[in-house]
1. Over the Cα atoms of segment B:7-52, Rg to Rh with Kirkwood Rh, two decimal places?
2. Got a sec? How would B:92, A:18 order by Cβ neighbour count within 10 Å, fewest to most?
3. Using alpha carbons only, how many angstrom separate the centre of segment A:142-182 from the centre of segment B:1-30?
4. Taking the simple approach of a point 7 Å from Cα along Cα-to-Cβ for both residue A:73 and residue A:172, what is their distance in nm?
């Protein structure tokens, strides 16, 4: 119960909640929808919904997992939304596939090593595009957000065993892509 | 010939499910060890790239949604409730009055019809009613009297 009380207090200063979790929510949504404008909009929507639902937050999960749960639902709803307007906009503002590699900070690596790293990042990025929505969600939560299987299960509403199956399949697809990139 | 790790075993390793058997194999098999290292490196680089703050916009300035704004203040809420009650109560009372009037009209109508029926059903005017008892209005009995007189 101490966790629940602490978590409830965490939501009192909602501006701080936004500051603390914005990056995490945004990058998950961006990697999922691959459209910067849509990602910003969905991330803002995520915090707006969380704010409206904050009284119902009982602290069964951490604030972070709770926010990711809302984000996962928003991404899922968004994926189902097939409005023409979205697709038109998505084509105009889609994240360039070369962008993901260029996000990699250059930590003093040699040009050859830096090029190899960017290739690998690109291969993983490309592979995630080919995954099913669930596989991609589970993969991003695990390998970008460092969430464990139980946290992912809580955020996605899936059973732990199902999470593991999706994760293994996603890893297999990524591994094949990396092999192919060599 | 050495049997390399399966796709599932590699996934197990990556997610941290490292059984003694897996640990021993990776320690002994250079090929599997290299593949795992490359995969872990690629995933780590991907993580670093995705978490690069430059790739994300700054968090938006948070402003509380309309719930905290002035329109939701108590006096306004009370006024709005009162206005709503008037709007709801007026048609309700008006309808109730209309219903009462209709019921009274219906009662008056039925009373009038009953009185009319009663008046029509009277065989003779009220002033002549005492005579009814003295006169036989049975035509068949008159016919029988006439027959008897002929015989």
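1. Expressed as Rg/Rh, it is 1.04.
2. Numbers: B:92 10, A:18 21.
By the 10 Å Cβ count, ascending: B:92, A:18.
3. Computed from Cα coordinates, the inter-centre distance equals 18 Å.
4. In this crude label model, residue A:73 to residue A:172 measures out at 3.2 nm.
Every number here is computed from the coordinates shown, using simple stated rules; none is lab data. What you are looking at is a predicted structure, and each value in this text was computed from that prediction instead of being measured. Glycine also receives a Cβ, built like all others from the backbone with ideal geometry; neighbour counts cover every protein chain displayed.
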